[in-house]
Amino acid sequence: MRRYLLNRLWQSLVTLVLATIVVFVGVRALPGDPALALAGEERDPESLRAIRQQYGLDQSWLVQFWKFVSHAARGDLGESIRTGTPVRSMILSALPVTIELSVLAIVIASVIGVGAGVLAAVRRGGPAEWAANGLALLGLSVPHFWLGLMAILYLSVALGLFPASGFVPFFTNPVANLHHLILPAVILGTGLAAVIMRQTRSSMLDALSADYIRTAEAKGLPPKAVIGKHALRNSLIVVVTIVGLQLGALISGAVVTERIFALPGFGKLTVDAVFQRDYPVIQAVVLVTATAYIVINLLVDLLYSVIDPRIRVRGEA
Amino acid sequence: MTPVLAVKDLSVTFRTEDGPLSAVDHVSFEVGDGEVLAVVGESGCGKSVTAMSIAGLLPRSATVDGSVELDGTELIGADKRTLRSIRGREVAYIFQEPMTSLNPVFTVGHQISEVLRTHIGLNRQDARTRAIELLKLVGISSAERRIGDYPHQLSGGMRQRVMIAMAVACDPKVLIADEPTTALDVTIQAGILDVLRGLRERLGTSIVLITHDLGVVADLADRVAVMYAGRVVETAEVHDLFANPQHPYTTGLLGASPAAGRHAESQRLNEIPGLVPVLTEQPDACTFADRCPRAVDTCTTSQPQLTPGPHRVACWNPVREPVEV
């Protein structure tokens, strides 16, 4: 297990270095000179040179890269070109919102998706399967933004059940915090719930026809143990992978959802930075996203080996 | 002697897209206390379906008629709760594929303990202690260490031993072993058969041994029921069956199986031409007639019934003289 862990950590580190290079080059490959964008109206060569010097843009890419990496490693992500605020503090205030939204969305999607998937597999051919399949198709086909707008229109504006927008930090008021986040989380989770449901259903069907299920039944175990333990534990291996793969979609979904519900999260920060050509912010946002993605994948892989003992041992071999 | 397990007129029909499929037709047999009954036949003759129907393990597409009595309790038509309390406790199973019959994500100790905790209500610690004893009983060395292993860490033979340990955990009255050695190497097979023999001697477990391997039958069985196309065509005490096979199908099976010395003079093994028929309904004729070298006119017009007596055969033209096979 330790060897597997070290191996996996090393892979993550390599990926992170590659991601850093891509971010650095990517930002510089964008059309337009950041100095020009910064200079605004005063485009005389003198002020342009001053700007380039101030931001180190006159140095070679290698030197710039080294500065970027060494600063980033110390947690210094530079300052916003627009506001002068340290990017680090901008990110630190936006990140908790997105993390909470995503975690909530994953929890809701998993509970609904796994529950409906198991039900659809066990009640195969019955109305429960039809209903679950229909809802999954709907969940996959209906775009987030439309669903979000409809939810605001009917549930928030017409019925007044949920606030239409805004955010209250969890530690200020946990109840109000959940009240604000539950609707966006459900909206963000619908697509994921549909994917999880379909995956759970098909892997449960596979598991239920496996020999070890026959053994479990021959042992006289109650259906709760046969389905909820023996079959589900095996199905979850596939489901966890799928959830891991879907996290990319979740992150981009969060951008849209945060925009609709006016949540001051990472997605909003990204969109604003792009609109304002705030290069240090874009660079930092992409780097943090990539890091988050790598960390999440690492966690998924570790979770995977907790569920499936065969992976643990293969890593040792 | 009252039988532990009495199967009477057991019939199983499957609903399929091509209409009903008759898998087992009026099968009857009895298993005495501590007796080993072998059910023999080719693939698709209904052996496994018969075995599964005993504890109600067939899928919902199966219709089961007839009677299965376990120590006087009727199992056909019994409610699910009753069946669950019997499975694993009174009737236990061992399956053909030890590779896939154990759940890959739980330790073998957990899987054995589970039976004990479900049926006897042992706590975690007691179940573990008992599981270690059971692993020792089936001949697994360093059981204390092996108990924490996952199935993929064990060899095929070890896994089958674990299956057996799990099956006998609650000291069942009847152990149904469905092709327990088929998936294993010959050298491993003997060990598994030893374990089964030991269980019968030590615990007095009755065993229904489903197999197509006549070597296994000769090694372990007291009595044999030969099945063909869903019917029992011959049943006799094991030595009697090997010495005086009366049904042409039985002689065919014996002739098709290799035995040390028997085919020494480079004699070819005899093949029974044709396949076991797939039957949508059981005809009023002998189902073996098409493949039978001894078929007479009656065979295609009327179904033969098992004769009474200790050596029973369902055939219009049985082999009466001891044959050289």
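Every number in this text was worked out from the coordinates using simple rules, so none of it is lab data. Predicted model only: the values in this text are computed from it and were never measured. All Cβ positions, even for glycine, are placed from backbone atoms using ideal geometry, and neighbour counts span all protein chains on display.
Values computed for the structure shown
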item: For A:PHE68, net neighbour charge (Lys/Arg +1, Asp/Glu -1) across residues whose Cβ lies under 13 Å away; result: +2
item: Whether the stretch A:33-74 is rounded, prolate or oblate, judged on the alpha carbon gyration tensor where a/c under 1.5 counts as rounded; result: prolate
item: Between helix A:279-307 and chain A: long-axis angle, C-alpha atoms, 0 to 90°, nearest 10; result: 20
item: Theoretical FRET efficiency, 1/(1+(r/R0)^6), r = Cβ-Cβ of A:GLN276 and A:LEU18, R0 30 Å, to 0.05; result: 0.60
item: For the protein assembly as shown, share of DSSP beta bridges that run antiparallel, in % to the nearest 5; result: 60
item: Bins of 5 Å, starting at 0 and running to the largest distance - Cα pair percent for the stretch A:90-316; result: 1, 7, 12, 15, 16, 15, 12, 9, 6, 4, 2, 0, 0, 0
item: Other-chain or far-sequence residues with amide H under 5 Å of B:ILE207's (modelled H); result: B:GLU35, B:VAL36, B:LEU37, B:LEU175
item: Nearby lysines by direct alpha-carbon distance to A:LYS67 (threshold 21 angstrom, same-chain neighbours under 8 apart not counted); result: none
item: Per-residue ³J(HN,Hα) for the stretch B:106-123, Karplus 6.51 cos²θ - 1.76 cosθ + 1.60, θ = phi - 60°, Hz, x for Gly and Pro; result: 10, 5, 5, x, 4, 5, 6, 4, 3, 5, 5, 6, 5, 8, 9, x, 5, 7
item: Using alpha-carbon coordinates, inclination of helix B:156-167 to the longest axis of chain B, degrees; result: 80
item: Cβ-based net charge around B:GLY121, under 14 Å, with every Lys or Arg adding one and every Asp or Glu removing one; result: +2
item: Cα-based equivalent ellipsoid, the stretch B:1-132: semi-axes from gyration tensor eigenvalues, Å; result: 29, 19, 15
item: Cα Rg over Rh - the stretch A:2-73, Kirkwood; result: 1.19
item: Within straight-line cross-link reach of A:LYS219, lysines at Cα separation under 22 Å, skipping those fewer than 8 residues along the same chain; result: A:LYS229, B:LYS47, B:LYS80, B:LYS136, B:LYS173
item: Dimensions (Å) - the protein assembly as shown, Cα atoms, principal axes, largest first; result: 118, 56, 49
item: 15 Å reach of a label modelled at B:ASP171, 7 Å along Cα-to-Cβ, counting backbone N of the stretch B:198-225; result: B:199-206
item: Phi to ³J(HN,Hα) by Karplus 6.51 cos²θ - 1.76 cosθ + 1.60 over the stretch A:180-185, Hz, x for Gly, Pro; result: 6, 8, 4, 5, x, 5
item: The stretch A:90-316, relative contact order in percent, only Cα pairs under 8 angstrom and at least six apart counted; result: 28
item: Shielding by partners, peptide A:203-211 (average Cβ within 10 angstrom, other chains); result: 2
item: log₁₀ of I(q)/I(0) at q = 0.12 Å⁻¹ - the stretch A:137-204, Debye sum with one point per alpha carbon; result: -0.40
item: Shape call, the stretch B:38-110: gyration tensor on alpha carbons, a/c limit 1.5; result: oblate
item: Hull volume in cubic angstrom per residue (convex hull over the Cα atoms of chain B); result: 145
item: Where only C-alpha atoms are counted, convex hull volume of the stretch A:245-317 per residue in Å³; result: 97
item: For B:GLU237, B:GLU90, A:GLU46, order by how many other beta-carbon atoms lie within 10 Å, fewest first; result: A:GLU46, B:GLU237, B:GLU90
item: Selected from A:PHE65, A:PHE167, A:PHE275 as most flexible by GNM, with chain A as the system and alpha-carbon contacts under 10 Å; result: A:PHE275
item: Principal axis box of the stretch A:193-310, alpha-carbon based, largest edge first, Å; result: 66, 29, 17
item: Neighbour-count order for A:ASP272, B:ASP178, fewest beta carbons within 10 angstrom listed first; result: A:ASP272, B:ASP178
item: Under-5 Å amide H pairs with B:VAL233, H placed in peptide plane, nonlocal only; result: B:VAL226, B:MET227, B:TYR228
item: Calculated from backbone phi, Karplus (6.51, -1.76, 1.60) coupling profile of the stretch B:126-143 in Hz, x at Gly/Pro; result: 5, 5, 5, 4, 5, 4, 5, 4, 5, 4, 5, 4, 8, x, 9, 7, 6, 4
item: Computed [θ] at 222 nm, helices only, for chain A once each DSSP H run of length n ≥ 4 contributes -39500 (n - 2.57); result: -25000 deg cm²/dmol
item: Residues whose placed amide H lies under 5 Å from that of B:ASP149, excluding near-sequence neighbours; result: B:VAL108, B:GLY109
item: Shielding by partners, peptide B:50-63 (average Cβ within 10 angstrom, other chains); result: 1
item: Distance in nm between pseudo-label sites at A:ILE182 and A:ALA225 (7 Å out along the Cβ direction from Cα); result: 3.7
